[in-house]
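The values are calculated or read from the model by the stated rules, or taken from the named source; none is laboratory data. No experiment lies behind these values; they were computed from the predicted model shown. Neighbour counts run over all protein chains shown; Cβ positions are idealised from the backbone, glycine included.
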Amino acid sequence: MKKKFVCIFPGLDNAHLTKDIGQIGNAFSELENVQSSIVCYGNKDYPTLKTETKNQSIIRIKDKGRILFFEKAILRYLRKEAKRIDILHVQQLNKANIYQVLLYKFLNPKGKIFLKQDMHIPDLEKGIRYSRKQIFNLFHKFFEKKAHQKIDLIAVDSNDLLKAYAKEYPVTGQKLVVLSHNLNDTYLKEHFSVRKSFQEKENIILTTGRIGAADKNYEMLLATLPLLDLEDWKVYLVGEIHNDFNQKIDQLIIDHPRLKDRVFYTGQIDERVELYEYYNRAKIFCLTSVLESFGVSFIEALFFNNYILGTTGMSSFDYISNQGILGEKVTVNDIHALADSLNHLMRNESIIEELGEKAHSHVAAHFFLSENIKVLKRLLH
């Protein structure tokens, strides 16, 4: 009989399926005798189930509202199904998930719990608060410790986060492993068995994501564009437009006419092969987030041998860039430093070309899901 691997994630969107929430269970189903499912609310369409996450199934339940911060439908689901779940995947140990962990282990003491902690090191170091009221915060911190004792394996994004987490939570001991956000290398190799060489690439600076979302800080990139000597280079912003950011891009081009036919925004691209083709064409990938725990798009860019530019707000940039060998970071909102870096790269393309296969090899060694999933196999025994 197949073992059941379940992730409970009520607000599941299609984009989540391309990240840990969908890909870890999907890989388990590919590599082991496992049936993987995600429990969620609603009747959304998930096209990625037919492509990158085709080994994952969806269990839809009806939202029943809350009791305090408890999701009543989730509690009901666990009471009914906990004993049939062999491995429970918990994404982030937030306030509600603390008690889901404890309830699951109470109902199924032999079941295994895998926690994927995706967080910012500064947030961890200053201490996670679950309530503004001290008495309630102490109450939740007590049960947070109990939850850590019940969890079987905890995966974090980098060696730096592992050290910080072990210092903050000594009780985790040998449970901690480094398991970064991963790429579905099986899917990528199927569609990009041959990637463009440097000579085949175009002079493109690429950024992807939720264009205009406050935390992504695309305003920094936009403010940098008038300072660039683009010449025959183009800038592509790929992703869903938020907060009428397209109007800001249009105004920028009106204010700086020379940027016309140099700056493009595509809107959201759901078809993953089409999206990846932009990485395949580009030479430089730039992300200017104020705060970012990881940045999956960086490893997607490195897979296609892009040089990466980030900011000091990104906790895992050094780990992703192999300590700056594969890219560089600038201070958040320092548009002159970003402009200097981009102008230097555009004038000295040999820096990008010399990366060669180093970027791709780094991704293969650290971020391929088919390899990293082996770290989790111990949960099955």
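Just wondering, is there one or more residues in the range 222-232 that are over 30 Å from Leu153 (Cα atoms), at pLDDT 95 or above and among the small types (Gly, Ala, Ser)? Yes - at least one qualifying residue is present in the range 222-232.
The residues on offer are Val273, Val290, and the sole one that is under 29 Å from Ser36 (Cβ atoms), assigned by TED's automatic domain parsing to the domain that holds Gly239 and touching a residue at least 24 places away in the same chain (Cβ under 8 Å) is Val273. Within the range 293-308, the residues that satisfy the criterion of being under 14 Å from His360 (Cα atoms) and either in contact (Cβ under 8 Å) with a residue 60 or more places away in the chain or assigned to a helix (DSSP H, G or I) (or both) are Ser297, Phe298, Ile299, Glu300, Ala301, Leu302, Phe303, Phe304, Asn305, Asn306.
Of all residues in the range 353-365, count the ones that are of a type outside the set (Lys, Arg) and surrounded by fewer than 19 Cβ atoms within 10 Å (Cβ to Cβ).
So the count comes out to 8.
Just one of the listed residues (Gln174, Gln117, Gln199, Gln149) is polar (S, T, N, Q), surrounded by fewer than 20 Cβ atoms within 10 Å (Cβ to Cβ) and closer than 16 Å to Val375 by Cα, and it is Gln174. In the range 205-216, of all residues being of a type outside the set (D, E, K, R) and crowded, with 20+ Cβ neighbours inside 10 Å, the one that is farthest from the chain's Cα centre (by Cα) corresponds to Ile205.
Do we find that Asn159 is within 26 Å of Gly25 (Cβ to Cβ), in the same structural domain as Asn94 (by TED's automatic domain parsing) and either of a type in the set (S, T, N, Q) or out of contact with any Pro (no Cβ under 9 Å at 6 or more places or on another chain) (or both) in this structure? Yes: the conditions hold for Asn159. Of the numbered criteria (1) of a type in the set (Asp, Glu); (2) crowded, with 16+ Cβ neighbours inside 10 Å; (3) without any contact (Cβ under 8 Å) to a residue 60 or more places away in the chain, the one Asp185 fails is (3). Of all the residues in the range 89-116, those that are under 20 Å from Ser158 (Cα atoms) and in contact (Cβ under 8 Å) with a residue 60 or more places away in the chain number 5.
Residues in the range 321-341 include at least one that is surrounded by 24 or more Cβ atoms within 10 Å (Cβ to Cβ) and either part of a strand (DSSP E or B) or out of contact with any helix residue (DSSP H, G or I) (no Cβ under 7 Å at 6 or more places or on another chain) (or both). Taken over the range 79-107, the residue count meeting the criterion of being touching a Phe, Trp or Tyr at 6+ places or on another chain (Cβ under 9 Å) and within 15 Å of Phe5 (Cβ to Cβ) is 8. Kindly establish whether Arg60 is in contact with a Cys (Cβ under 7 Å, 6 or more places away or on another chain) and surrounded by fewer than 19 Cβ atoms within 10 Å (Cβ to Cβ). Here the answer is yes, as Arg60 does meet what is asked. Tell me, yes or no, whether the range 63-78 has at least one residue that is within 22 Å of Asp185 (Cβ to Cβ), surrounded by 15 or more Cβ atoms within 10 Å (Cβ to Cβ) and touching a residue at least 24 places away in the same chain (Cβ under 8 Å). No, the range 63-78 contains no residue that is within 22 Å of Asp185 (Cβ to Cβ), surrounded by 15 or more Cβ atoms within 10 Å (Cβ to Cβ) and touching a residue at least 24 places away in the same chain (Cβ under 8 Å). Look at (1) closer than 22 Å to Val101 by Cα; (2) of a type outside the set (D, E, K, R); (3) free of Cβ contacts under 8 Å to residues at least 60 places away in the same chain and you find that Asn33 fails only one, number (1).
Listed here are the residues, each with its yes/no results for (1) among the charged types (D, E, K, R); (2) over 29 Å from Glu52 (Cα atoms).
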residue	(1), (2)
Leu162	no, no
Leu176	no, no
Asp185	yes, no
Lys196	yes, no
Thr207	no, no
Ile211	no, no
Leu222	no, yes
Leu227	no, yes
Gln247	no, yes
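Restricting attention to the range 225-277, the residues that are within 21 Å of Val330 (Cα to Cα), in a helix (DSSP H, G or I) and touching a strand residue (DSSP E or B) at 6+ places or on another chain (Cβ under 9 Å) add up to 1.
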